[in-house]
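The values are calculated or read from the model by the stated rules, or taken from the named source; none is laboratory data. Here the structure is a predicted model, which is why all the values come from computation and not from measurement. Neighbour counts run over all protein chains shown; Cβ positions are idealised from the backbone, glycine included.
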Amino acid sequence: MSTTRRVPLSEVFAIVFCLSCALSMTQPSRAQATTPLDIQISASPAVVQAANGKLPSSILLAVTAKSCLDVDLSGDTLQIAGPGLSLVQPSAGKCTITATLNIDPNTPAGDHNIILLDKTGKPIGSADFAVLEATAGAIPAGIAPQVDVIWEVLTQSVCNDVFGKRVARNFYCIEVKIGNNTGHPLQLAGVGFLQHLDKLPGNPDIILANTSYASTRAVLLRESVLSPRNEFYHSVQATGLIMAGFIPFFHATNPAAHYATAVSIVSGPLLQAMSLVWPDRVVNQLNNLDDESFRDNQIIPNNTQVRTIVFVEKSALTELLNGISTNVSSEIVKELQAEATSGGQQGHVNAEMQNKIRDRVKGTRDNSEQKDGMSVLKFKFHTGDFSPLLVKLALGNLVVVGDEIEYLQRVQVQGASGGGASALTLSPSRLDFGKLNVATPSAPQNVTVTNTSTAGVSGVSITVSGTNQGDFVVQTNTCSSVAAGASCTIPIVFTPSAQDSRAAVLNVAYAGGSPQTSSLDGTGVQGSTGVSLSPSTTLTFTAQKVQTQSAAQTVTLTNTGTNPITGVNVALSGANAADFGQTTTCGTSVNGGANCTISVTFKPLAAGARVATLTVTYTSSGGQQTPIVNLTGTGQ
């Protein structure tokens, strides 16, 4: 006779736990699953070319991680494989490694790989680098310099698959190919679309700019927080934490062990299994965005082409798309009516014709109206339900905004005249002046120049170049000559001319050696001014005998802004101004955030109510201001 054995709950948990462990053991850990080249990097410049038949002896090479959120290159190094190429003096930061690339004059043309190595020497990233046979120089005579552009609107499904549902719901994804044949590198500031609005007075032209990379990334990051998958995954994580919090309440050994096993399953193998079955797609979508989307100030070298993705908000095209869809549907109605008439049918829009129109126009029917005795369908476009061709018509003409960079190679190429390694070094390699009010000069910051050679250096020239070179001024050049082993300093003052990030490059050059550079950065902000008085309305004195003086009461003046106020003047006025006296520590100016005091006394000249006004006049960036405090007292 067979018997039935009841399996204890503890054994069930143990079996599930072992199966989960076995499943997790079959999957590699994060460290094991990482591919040998798991960090996307790019090199700048990505090509080197001959000038006047000669390759430069060395260039300054910068290798940058394409995504800087979870990457830290500090401690990593670079390696390049190829005859005649060698990297020296690497300097690693969080997102960028710079090094001098020495180039033998006999280096053959071809493609090479720059390998990023971690602290253990393991390859973790790769970037392309090429040596060109001929100079990508000026456009041949008789051919006009040009920038070639073609573009297309991606379908809703492709945009959704590549960049995620929330991005596809809010933006049109537009693939742009740009070829630079201008004779100079191009730095692109933005991509826009020029539209001619015939229905508005004056037929104005407007330019619809692309949405910034940072804004698009923020939309995608929000999807990573609110997606059903991640909400459920985080709920399971929270469940594991809550369950773990109840473990101390189990006093019996076996139930406590069983419960702890269940907690470990929820917190470990269950989450791992879920990640296998239901992976987080946003991670790959963020990588796609980092790799493919347009970045402000993107550089396109001469005689090269780039392919990038720009994003335009859908809401900006709603009215234009509705107008275009109405025109298209009207033309289709006319065509179908003509077909019906030629076939012996009545020329009105019947149900069959409506279905044909809906098939041709990717929209949904809103309603129909009678026009000239005929039924004309009207269409309204909904989010994501569109034809890429109609979106392209609504966008208009593509506009590329950028500048030719004639100085780019002069900044990047070192020792082009045949000079050797530099005897001079600069410290620091970057000066950050922080935030400063527009048109307000900073305190000087110094760059130290050190001669590391055994011979003196003379004829040192110091210049500032770059986009905002006028905002950074070298006060004095004390480094025109530097003795062997000696140092000198270059004082620099930053005066922002606009409210945004400002950048330039300090160049230190001399005959016979490679020039050295230090980057200069700062941000211009709009300062504020404001004054508060405390008490702010009325200062009251107790009854005081006539011709006797009270104790002083204090009014505090505070400059609540960041800019100084000037022309400060404290005065008494009103019917009984002579009954009150004042002294002040404010002087004629008060710096931003500072305060001073005004001491007020009351000496009634007659019995009864006595009143006066304390006024503080000052000048700020907003003009002249005069806050007041009312003074009251009683003579007896």
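Listing for the model above:
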read-out	value
Out of A511, A543, sole residue that is over 24 Å from the mean Cα position of the chain (by Cα), farther than 30 Å from F433 by Cα and either outside the structural domain of I565 (by TED's automatic domain parsing) or buried (at least 20 other Cβ atoms within 10 Å of the Cβ) (or both)	A511
Qualifying residue in the stretch 183-190 (condition: at pLDDT below 80, over 30 Å from L393 (Cβ atoms) and outside the structural domain of D296 (by TED's automatic domain parsing))	no
Residues of the stretch 570-610 satisfying the condition of being of a type in the set (A, V, I, L, M, F, W, C), closer than 20 Å to Q553 by Cα and either touching a residue at least 60 places away in the same chain (Cβ under 8 Å) or assigned to a strand (DSSP E or B) (or both)	V570, A571, L572, F580, C596, I598, V600, F602, A609
Test set (1) of a type in the set (S, T, N, Q); (2) surrounded by 12 or more Cβ atoms within 10 Å (Cβ to Cβ); (3) in contact with a Pro (Cβ under 8 Å, 6 or more places away or on another chain); (4) not in a strand (DSSP E or B) - T562 fails condition number	(3)
From the options F249, F232, F311, residue that is aromatic (F, W, Y), within 41 Å of the chain's Cα centre (by Cα) and at pLDDT 80 or above	F311
Flag if V546 is in contact (Cβ under 8 Å) with a residue 24 or more places away in the chain and in a strand (DSSP E or B)	no
Of all residues in the stretch 70-95 being modelled with pLDDT of 85 or more and under 18 Å from Q516 (Cα atoms), the one that is surrounded by the fewest Cβ atoms within 10 Å (Cβ to Cβ)	V88
Where V505 falls short, out of the listed (1) out of contact with any Lys or Arg (no Cβ under 9 Å at 6 or more places or on another chain); (2) crowded, with 17+ Cβ neighbours inside 10 Å; (3) over 30 Å from T463 (Cα atoms)	(3)
Single unsatisfied condition, L197 versus (1) of a type outside the set (K, R); (2) in contact with a helix residue (DSSP H, G or I) (Cβ under 8 Å, 6 or more places away or on another chain); (3) under 17 Å from L390 (Cα atoms)	(2)
Residue in the stretch 489-499 that is β-branched (V, I, T), assigned to a helix (DSSP H, G or I) and either over 30 Å from R169 (Cβ atoms) or at pLDDT 90 or above (or both) present	no
Number of positions in the stretch 171-180 that are crowded, with 18+ Cβ neighbours inside 10 Å and not hydrophobic (A, V, I, L, M, F, W, C)	2
Any hit, the stretch 469-479, residues being among the acidic types (D, E), within 23 Å of T98 (Cα to Cα) and in contact (Cβ under 8 Å) with a residue 40 or more places away in the chain	no
Residues being at pLDDT below 85 and among the small types (G, A, S) - total across the stretch 96-116	2
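Residues checked against (1) modelled with pLDDT of 95 or more; (2) crowded, with 16+ Cβ neighbours inside 10 Å; (3) of a type in the set (S, T, Y); (4) not assigned by TED's automatic domain parsing to the domain that holds A504:
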position	(1), (2), (3), (4)
L557	no, yes, no, yes
V568	no, yes, no, yes
A575	no, no, no, yes
T585	no, no, yes, yes
V590	no, yes, no, yes
L614	no, yes, no, yes
